[in-house]
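Visitor: Let me begin by handing over the structure; questions about it come next.
What follows draws every value from the coordinates through simple rules; no lab data is involved. On a predicted model such as this, the values are computed, not experimentally measured, just so you know. With ideal geometry, Cβ positions are generated from the backbone for all residues, glycine too; neighbour counts draw on all protein chains shown.
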Ligand SMILES: Cc1cc2nc3c(=O)[nH]c(=O)nc-3n(C[C@H](O)[C@H](O)[C@H](O)COP(=O)(O)O)c2cc1C
C-alpha cells in the first residue's frame with residue numbers, strides 16, 4: 001500500500017469538533033476533545049464514537065454507561081484549544097438533566113446511553129443510543145477550520 005496516499009485520502013474524511021463529557025469514578029466532570037463521531041441508525045437514533053483505548057473517557061463510559069457530546073459552534077477555536085489543553089476551568093459548562101457535563105454556548109448536545117463496544121484497533125467504537133438532545137443556533141465547527149487533523 002502507498003502509505004502517503006492512505007494518509008492523504010483518509011484525511012479527506014470530513015469531521016466536526018466535539019467535546020465528550022463524562023463523569024469520573026469520584027463523580028467529577030471530565031471533558032475530552034474528540035472528532036470521530038457518526039450517526040448509525042435513525043430508529044432508534046444511534047451514534048458511534050471512536051474513543052482512544054487508553055483514554056479516561058473510555059474508562060468513564062465503560063463504567064458509567066453514559067456520555068454527552070457537545071457540538072462546538074463555529075468560532076469556538078479558543079474553547080476547543082482549552083479542552084485539548086485540559087484547561088477545564090476556562091471552559092464554561094452546564095449539566096444535562098441527568099447531570100452530564102456539556103459545553104455552554106455550543107451548537108447543541110446529545111446525551112448517549114452506552115449499548116455496545118467493538119474492541120478492535122487503538123480506538124474502540126462505542127455504539128450508543130441518543131436519549132436526550134438540545135439544539136441551539138449556529139453551525140458546527142469543522143475540524144478543518146481549526147487546522148487540525150485526526151486520521152490518516
Ligand atoms: C484533532 C484531534 C481530534 C481528536 N479526536 C479524538 C477522538 O475522536 N477520539 C479520541 O478518543 N480521542 C481524540 N483525540 C484525543 C483526545 O482529545 C485526548 O487527548 C485523548 O483521547 C485522551 O482523552 P482522555 O482525557 O479521556 O484521557 C483527538 C485529539 C485531537 C488533537
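Visitor: Shape of the stretch 17-146 from its Cα gyration tensor (a ≥ b ≥ c, root eigenvalues): rounded if a/c is under 1.5, otherwise prolate when a/b > b/c, or oblate?
Guide: In terms of gyration-tensor shape, rounded.
Visitor: State, as an integer percentage, the relative contact order of the stretch 1-43 based on alpha-carbon contacts under 8 Å between residues 6 or more apart.
Guide: Taking the mean separation of contacting Cα pairs over the length of the stretch 1-43, I get 30 percent.
Visitor: Only helical DSSP H runs with n ≥ 4 go in: add -39500 (n - 2.57) per run for the chain, normalise by residue count and round the 222 nm mean residue ellipticity to 500 deg cm²/dmol.
Guide: -5000 deg cm²/dmol
Visitor: Then there's this: Which residue, 113, 43, 139, has the most motion in a Gaussian network model of the chain that connects Cα atoms within less than 10 Å?
Guide: Result: 43 has the largest fluctuation of those listed.
Visitor: Let me ask something additional. Once a ≥ b ≥ c are taken as the square roots of the eigenvalues of the Cα gyration tensor of the stretch 70-152, is the result rounded (a/c under 1.5), prolate (a/b larger than b/c) or oblate (a/b not larger than b/c)?
Guide: oblate
Visitor: Give me 76, 52 sorted ascending by neighbouring Cβ count inside 10 Å, so fewest comes first.
Guide: The fewest-first ordering by Cβ neighbours comes to 52, 76.
Visitor: Taking Cα pairs under 8 Å and at least six residues apart, what relative contact order does the chain come out at, in percent?
Guide: 30
Visitor: Sorted from fewest to most neighbouring beta carbons within 10 Å, what does the list 146, 10 look like?
Guide: 10, 146
Visitor: In nm, to one decimal, how far is the residue 132 label point from the residue 117 one, both placed 7 Å along Cα→Cβ?
Guide: Using points 7 Å along Cα→Cβ, the separation is 2.3 nm.
Visitor: Using alpha-carbon positions, what is the distance between the centroids of the stretch 92-152 and the stretch 1-31, in Å?
Guide: Computed from Cα coordinates, the inter-centre distance equals 10 Å.
Visitor: Looking at the chain as a GNM with Cα springs under 10 Å, which of 137, 66, 104 has the largest mean-square fluctuation?
Guide: 137
Visitor: Neighbouring Cβ atoms within 10 Å as the yardstick, rank 86, 25 fewest first.
Guide: Ordered from fewest to most neighbouring Cβ atoms within 10 Å, 86, 25 come out as 25, 86.
Visitor: Springs between alpha-carbon atoms under 10 Å, Gaussian network over the chain: tell me which of 108, 75, 121 tops the mean-square fluctuations.
Guide: 121
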